[in-house]
1. Suppose only helical runs count, i.e. DSSP H with n ≥ 4. What mean residue ellipticity at 222 nm does that imply for the chain under -39500 (n - 2.57) per run, divided by all residues and rounded to the nearest 500 deg cm²/dmol?
2. Place +1 on the Cβ of every Lys and Arg and -1 on the Cβ of every Asp and Glu in the range 10-69, take the dipole about the Cα centre, and give the residue among Gly40, Phe20, Val50 whose Cα lies farthest towards its positive end.
3. Please give, to one decimal in nm, the separation of the simple spin-label points placed at Val26 and Arg85, each 7 Å out from Cα toward the Cβ.
4. Just to confirm, what accessible area per residue do you get for the chain at 1.4 Å probe, in whole Å²?
5. What Kirkwood hydrodynamic radius, in Å, does the range 6-57 give when the mean of 1/r is taken over all pairs of distinct Cα atoms and then inverted?
6. Could you please state how large a percent of the accessible area of the range 1-87 is carbon and sulfur, counting protein chains only and using a 1.4 Å probe?
7. Go through the range 54-62 residue by residue and turn each phi into a ³J(HN,Hα) via Karplus (6.51, -1.76, 1.60, θ = phi - 60°); whole Hz please, and just put x for glycine and proline.
8. Toward the positive end of the charge dipole of the chain, about the Cα centre and with charges on Cβ (Lys, Arg +1; Asp, Glu -1), which of Val31, Ile2, Gly75 goes farthest?
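The values are calculated or read from the model by the stated rules, or taken from the named source; none is laboratory data. Just so it is clear, the model here is predicted, and its values are computed rather than measured. We place every Cβ from the backbone using ideal geometry, glycine too, and count neighbours over all the protein chains shown. When the accessible area is computed, the model is the full protein with side chains, heavy atoms only, and any ligands, DNA or RNA have been set aside. Shrake-Rupley method; radii C 1.70, N 1.55, O 1.52, S 1.80 Å.
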Amino acid sequence: KITDLGITATNLTDTLRTKFNIKKGVNGIVVTVVAPDGIGAETGMQVGDVISEASQQEVKSVKELAERVAQAKKGGKPLLLLINRNDDMQYLAITFAKKK
């Protein structure tokens, strides 16, 4: 679970590839839950999206994504995610609200 994004994601397995119709060559982690009130939902993330990159670096595990999210949030920088949705690649820019 990546609370800062309001999503739950997991490493890709053959079962998830079949469930979400994700092709063999696609790598990353798959979004399994999007909280309706989270940043992920606000930016248009959907269940079945594969996050391939975060901050222009390949994502191979949920732990890696969580670390990049924490770095971006701590540095006050937007987080750029490369999403593969049904073989359509798109970037999502996530900006974290500044703490008051």
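1. Helix contribution divided over all residues of the chain: -7000 deg cm²/dmol.
2. Phe20
3. 1.2 nm
4. Per residue, the chain has an accessible area of 61 Å².
5. 11.4 Å
6. 48 percent
7. The phi angles translate into 9, 6, 6, 10, 4, 10, 10, 8, 4 Hz.
8. Gly75
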